[in-house]
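Participant: Pasting in a structure now, in structure tokens, and then I'll have a few things to ask.
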Amino acid sequence: MTEQVTFTIDGQEITVPKGTLIIRAAEELGIIVPRFCDHPLLDPVGACRQCMVEIEGMPKPMMACTTTVMPDKAVKTHLTSELARKGQEGTLEFLLINHPLDCPMCDKGGECPLQDQALAHGSNASRFIDQKRRYDKPVAVSQQILLDRERCVLCARCTRFSEQISGDPFIELFERGALEQVAIYEDEPYESYFSGNVIQICPVGALTSTSYRFRARPFDVVTTPSVCDHCSAGCTLTVQSRRGEIQRQLARTNMAVNEAWNCDKGRFGFPHLTAATRITEPKLRDGDALVTASWTDVLRRIRSAVTAAREAGPGRIAVVTGSRLADEDAYAASKYARAVLGTDDVDHRTRFAPASERDELAGIVGRDTATYADVERAGVIVVAGLDPEEEVPILHLRLRKAWRNHQARIVVVGPHLGTLADLAWRHVVTAPGTEAAVLAQLAGDGPLDGSAGEVAEALREVDAPVVLVGERAGAGSISAAAALAAAGDGGVAYVPRRAGARGAIEAGLAAGLLPGGRRLDDADDRAAIEEHWGALPAERGRDLHAILTDAAAGRIDVLHLIGVDLARDAPSAELARAALAKVGTVIVQDLARTETVAGFADVVLPAAGRQERAGTTTNWEGRRQRFARAIDGPDLVQEDWEILVQIAAILGKDLGFSDLAALRAEVERVGRRATPHPLPTVDEVVPAVGTAADDDGAGVTVVARPLLLDHGTMLTGATDLLATARPATVALSPADAAAHDIAAGDLVEVAGANGSLTLPAVLAPDVLSGTVVVPTNSTDEPAGVLADRDGRLTATLTKVSSDAAEEVA
Amino acid sequence: MGTTGQVSALSYRYDVPGVSDIEVYEQHDGYEGARRALEMEPADIVELVKESGLRGRGGAGFPTGMKLSFVAQDTGKPIYVVCNADEGEPGTFKDRLLMERDPHQLIEGMIVAGLAINAVAGYIYLRGEFAYAGRQLAAAIRQAYERGYLGADVMGSGRRYDLVLHRGAGAYICGEETALLDSLEGRRGQPRLRPPFPATQGLYGCPTTVNNVESIAALPFIVRHGVEWWRQWGTEKSPGPKLMSISGEVNRPGNYEVALGTTVREMIEIAGGMLEGRELKFFCPGGSSTPMLPAEKADTPYTFEDIQEAGSLLGTGALMVYSDQTSVVSVVRRFTHFYEHESCGKCTPCREGGYWLGQILTRIDTGTGRMEDLELLEDLCDNIFGRAFCALADGMVSPVRSSLAYFRDEYVEHIRRGVSPFGVEPRRDIAVVEFTRGGGYEPAPPATPQELQTEPADGGLSS
């Protein structure tokens, strides 16, 4: 146990661990020492000098934010010490001499620490009669962030956040003395996925957001707790709305998940709810057009389509849900498919997964998986098939925290390092999709050389390593990762990208999978579910690949899509489009007019967005969090589960719940399997190395990796946010570049099985030779057009132009 | 007390022609101290320095031997010596001459310091403006490498010791030891939070000692000539010779080496006495950041303890002498402007307080002061002193406080007349902040012209 120190603050005795800062100890007693630069998640700096306290035996006041507790000393704050009070008032006066009196028009007014403290501790009149500093205002730090330098108190919170937390130190202090100011380098813009946090932690109105500036006052808005739906991180949010419109979103402190941060996508990514592309009313296809219809009309249309498909024979209806759904929706969809449509042809994944993955997903549910806290503590963290900063940004911050705090060794397994390039300790290079074999080798006893040998050695040395497996890690990775983690008493987690993926797994939204980690082919599991749902389909159904293949072959009549844009998001755009074109009735319930809706939907059902409803969501850790309704959606939208209840009803079935409480109660009753199914053994699911794609020497393998800010449906309308998106490029190894006579910046045509992308080249030494990396959804056509019908991504490279800079611009 | 008056110790080679060349330097006992140190145990060197009573010559006067003994020897990390040659305190120019005239002396000192604490390398952080000193040092370091005093095999001992010359970029704050270390590491030069102290986590996070040029240059002498020789000058608590920069209204301003304990009045005489027709009014004993003392204190012996007793500090050994024909308000305004300009901006009291003090003093000096400004100045000084991150701000308020203590009447006279009694033309054209960057900043406009009061300047107040 840590050594404890006992002392007094304002006469109250307190015992805290040695090394605790006085300001933190005071907080425990409910004594708030005024402060500006101090932030519990940033390193102490002692810059603002506001938090002076008097310490027994010391002639000068000390800073509570940089001084650690001392045994038996009497500490007196401004509440009991004249010295501290005078010092604090002096500092406050100094901070105010150059601060403009523009509170009435400042965004921070009403939630401003400087304003609050000036009110609480400041003088009514200023003794300063001279000239205040004046600057041009505002200066754009980035397209999202504006800086009013004359308001700045130079607390260095923003610059410390950038350096210490996000690792994007392109915002810095410049100049000195009274002219010290926050600025960016002239030729290096402030590009960060986490830039919005600097606005939130600014203790004055110096940093404001372009989207919120002059829009509302903190005391004018309605504040609602929510959880972000942009990825599986599960960041808690505060949604603030005024007259039914969201004005801004803030990170809500949750030390277990997002600490006090969130990413810009989560913070600024809400305009899609009011964008022109938003679906606000039910629609039916009439030729090329979608025309507005009543809910009654669309439900009837669905009834006739489903009835006809049933009459045509079994296996002619399938459900694909994507992964943006709330847990309640996922459960309703799972039950709707099995109990109402009578089909197990259901998938929540927008990738072509091997059949064996069902057993792995079933095995995850109910099992203790790694958490953020485990990541933060781990000495070695293995990351496979996942680029955290692009997919689950808050996880990236936690990896970075472990790296910064205790030099955690981060190991990347896969064909490239991606954004972990700065943090990675070792890169174990594998061909795309063969990560599982390496994970299995690391867990095994066999001798390994090179990076793999060093990693195996490191894993043996540390307690509790963490293995994180993403969606691109290939067949058998979850089992192999679990085996690797188990060998070191560590934690493993499957980290899907989308917010609803884990909830969908829990709800059984995959062929052969049932709620609570149950399996359709397990008699006990079937019985447990049939008790609540009635008879289940006898046979395991088809997954996304089989659904699309059969649909393209005319063997499926009704395809019900819930929150998924298969035309863009399926691994093979060609197969998906052929399938969508062939299917008689494509039912889509979604938020926005996606490519699928515009091109293929026959029935369109307007769904409510996250902030327009209440619900539950499960993040990658398996942590369930509730969110509340912040605003009303468009009049005619309905929550996804409500839509399914109505479809069930018109088909003559009762889903068994008609409100959220009843739905949740049923989820509780169904529960999880008492003991989780064991994960498959490595031998069962990990394919042997070397049996991957055959190589004819001319082409390259393509890795399609999503960027955080891309053409995703839920980013439409977020203009300022999208202006900070990273450019779409094709990354290739210098060796491949030389072989194809490609230089950095050259425009390269990446030609695949069914289409091509033309992108500027980036030379990346971390990319495996014979492999190129392209963004999944950052180009006019998605990377899925490169794939063949099995989702295999191979391509040939052709240099289009070496004068790329101008063409791209 | 030992002998007082002018001496020739650290400066004894200053006038040897060509002593910046290593051959001439060797002929004049050069590198004998380093040779001796090489034969000694590191701990014995440190002990010797402790016994000598050498106190740091960079301003704070901390015992150098003690400082060397604090350097952590058991961390397993490399140990560094850093020489603070960022001589920037107004009135101080002793280190510059030492480096220009006798650069090998500093290099030898760096070797001795390195041996004393088992350092692997030394860094000289040189004030960027010292171009000539930089050239002299660079040439001398090159010669020392060629002769094997530096490098992989120091004087055949098999020990490695490297020496790096680093030129600063013109920031006074980088004379603060932790800001210096940050600057040396390539960061923005701002003071670091302490603890950890440099002795445990200094340069690149390794144990480091940071010492002034004169302190380091004294080490070979102490090693070679011993404690007795060193202690023949000065007092028990302030032994040794001291390089003095004497400036101001004296006949021969310049560098002098005197024994500690010599009185200020004697030193003024050594510098040729006051200029014709001028009488001593006040002096700053150790540079502009040390509280000024009035003429009555001129008989104070120049030792750490006596000057402190008199109400000031020895500082860097920069005696600034002012006469009865000089406006104390103008002097303080200039000093304050310097510190305001050189404040790094990190902490509020220094950054904002300096800005405010500067504006008030400018107003008083140029005739738009208010009587209540005097109390305001005192209160602001109270709110700055001891509240800032580093000692720069304490140095900033020293002249303001001390001048108000000794010459309050003169401030009152400035304010009452609305013009300097010394006939200084009111300057209304000085923008309070004069630096601009990126077009974003608009300097303050000139103060509103004000009717000058009719009473003419009478040539000065008697003090």
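The values are calculated or read from the model by the stated rules, or taken from the named source; none is laboratory data. Every value quoted in this text rests on a predicted model; they were computed, and no experiment measured them. Heads up, the Cβs are rebuilt from the backbone with ideal geometry, glycines too, and the neighbour counts pull from every protein chain shown.
Results for (1) more than 22 Å from B:Glu89 (Cα to Cα); (2) more than 14 Å from every other protein chain (Cβ to nearest Cβ); (3) buried (at least 24 other Cβ atoms within 10 Å of the Cβ), shown as yes or no for each residue.
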{"residue": "B:Gly272", "(1), (2), (3)": "yes, yes, no"}
{"residue": "B:Glu276", "(1), (2), (3)": "yes, yes, no"}
{"residue": "B:Ser289", "(1), (2), (3)": "no, yes, yes"}
{"residue": "B:Ala298", "(1), (2), (3)": "no, yes, no"}
{"residue": "B:Glu309", "(1), (2), (3)": "yes, yes, no"}
{"residue": "B:Cys347", "(1), (2), (3)": "no, no, yes"}
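Participant: Could you grab me the full set of residues in region A:36-50 that are free of Cβ contacts under 8 Å to residues at least 40 places away in the same chain and either closer than 10 Å to B:Ala388 by Cα or not in a loop (DSSP other than H, G, I, E, B) (or both)?
Facilitator: Correct list: A:Gly46 only.
Participant: Continuing with the same structure: The conditions are (1) buried (at least 22 other Cβ atoms within 10 Å of the Cβ); (2) modelled with pLDDT under 95; (3) closer than 30 Å to A:Tyr185 by Cα, and B:Phe435 fails exactly one of them. Which is it?
Facilitator: (1)
Quick grid of which residues meet (1) under 22 Å from the mean Cα position of the chain (by Cα); (2) over 14 Å from A:Thr796 (Cα atoms):
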residue	(1), (2)
A:Thr701	no, no
A:Leu707	yes, yes
A:Thr716	yes, yes
A:Thr729	yes, yes
A:Asp741	no, no
A:Gly745	no, yes
A:Ala751	no, no
A:Thr758	no, no
A:Asn777	yes, yes
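Participant: Still on this structure, I have one more. Got at least one residue in region A:79-99 being more than 42 Å from the chain's Cα centre (by Cα) and in contact (Cβ under 8 Å) with a residue 60 or more places away in the chain?
Facilitator: Yes; the residues of region A:79-99 include at least one that is more than 42 Å from the chain's Cα centre (by Cα) and in contact (Cβ under 8 Å) with a residue 60 or more places away in the chain.
Participant: Shifting gears a bit: Could you pull out the residue among A:Asp72, A:Asp107, A:Asp38 that is at positive phi and more than 9 Å from chain B (Cβ to nearest Cβ)?
Facilitator: Being at positive phi and more than 9 Å from chain B (Cβ to nearest Cβ) holds for just one of A:Asp72, A:Asp107, A:Asp38, which is A:Asp72.
Participant: Could you please let me know if A:Gly234 is assigned to a loop (DSSP other than H, G, I, E, B), surrounded by 21 or more Cβ atoms within 10 Å (Cβ to Cβ) and out of contact with any helix residue (DSSP H, G or I) (no Cβ under 6 Å at 6 or more places or on another chain)?
Facilitator: yes
Participant: If you go through region A:163-173, how many residues are farther than 26 Å from B:Glu342 by Cα and either within 10 Å of another protein chain (Cβ to nearest Cβ) or of a type in the set (S, T, N, Q) (or both)?
Facilitator: 2
Participant: Let me ask another. Looking only at region A:650-686, how many residues end up being surrounded by 17 or more Cβ atoms within 10 Å (Cβ to Cβ) and within 30 Å of the chain's Cα centre (by Cα)?
Facilitator: Residues meeting the conditions: 14.
Participant: Can you list the helices (runs of 4 or more DSSP H) found entirely within region A:240-347 that contain at least 1 residues being outside the structural domain of A:Ile556 (by TED's automatic domain parsing) and at pLDDT 95 or above?
Facilitator: Where helices (runs of 4 or more DSSP H) fall fully within region A:240-347 and carry at least 1 residues being outside the structural domain of A:Ile556 (by TED's automatic domain parsing) and at pLDDT 95 or above, they are A:264-268.
Participant: For region A:183-203, enumerate the residues that are within 14 Å of another protein chain (Cβ to nearest Cβ) and buried (at least 22 other Cβ atoms within 10 Å of the Cβ).
Facilitator: A:Pro203
Participant: Then there's this: Suppose we filter region B:349-361 for residues that are in contact (Cβ under 8 Å) with a residue 40 or more places away in the chain and either within 7 Å of chain A (Cβ to nearest Cβ) or under 15 Å from A:Arg133 (Cα atoms) (or both); how many remain?
Facilitator: 7
Participant: Is it the case that some residue within region A:572-590 is over 21 Å from A:Ala607 (Cβ atoms) and polar (S, T, N, Q)?
Facilitator: So far as region A:572-590 goes, yes, one or more of its residues are over 21 Å from A:Ala607 (Cβ atoms) and polar (S, T, N, Q).
Participant: From the residues in region B:314-344 that are at pLDDT below 95, under 30 Å from B:Arg188 (Cβ atoms) and assigned to a loop (DSSP other than H, G, I, E, B), which one is nearest to the other protein chains (Cβ to nearest Cβ)?
Facilitator: B:Gly315
Participant: Residues A:Arg160, A:Arg151, A:Arg176: which one is surrounded by 21 or more Cβ atoms within 10 Å (Cβ to Cβ), touching a residue at least 60 places away in the same chain (Cβ under 8 Å) and either within 14 Å of chain B (Cβ to nearest Cβ) or within 30 Å of A:Gln407 (Cβ to Cβ) (or both)?
Facilitator: None of the others qualify; the one that does is A:Arg160.
Participant: Might you let me know whether region A:130-140 holds any residue that is within 12 Å of another protein chain (Cβ to nearest Cβ), farther than 30 Å from A:Cys263 by Cα and aromatic (Phe, Trp, Tyr)?
Facilitator: No, region A:130-140 contains no residue that is within 12 Å of another protein chain (Cβ to nearest Cβ), farther than 30 Å from A:Cys263 by Cα and aromatic (Phe, Trp, Tyr).
For every residue, the table says whether it meets (1) in a helix (DSSP H, G or I); (2) touching a strand residue (DSSP E or B) at 6+ places or on another chain (Cβ under 8 Å); (3) more than 30 Å from A:Leu709 (Cβ to Cβ); (4) free of Cβ contacts under 8 Å to residues at least 24 places away in the same chain.
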| position | (1), (2), (3), (4) |
| --- | --- |
| A:Arg400 | yes, no, no, no |
| A:Leu420 | yes, yes, no, no |
| A:Pro432 | no, yes, no, no |
| A:Ala440 | yes, no, yes, no |
| A:Pro447 | no, no, yes, yes |
| A:Val455 | yes, yes, yes, no |
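Participant: For residues in region A:752-804 being basic (Lys, Arg) and surrounded by 17 or more Cβ atoms within 10 Å (Cβ to Cβ), which is farthest from A:Ala475 (Cα to Cα)?
Facilitator: Taking the candidates together, the pick is A:Arg789.
Participant: Hand me the list of helices (runs of 4 or more DSSP H) wholly inside region A:70-182 holding 2 or more residues that are within 30 Å of A:Leu395 (Cβ to Cβ) and of a type outside the set (Val, Ile, Thr).
Facilitator: A:157-160
Participant: Of everything in region A:735-781, what is charged (D, E, K, R) and on the phi > 0 side of the Ramachandran plot? Give them in sequence order.
Facilitator: The one that is charged (D, E, K, R) and on the phi > 0 side of the Ramachandran plot: A:Asp741.
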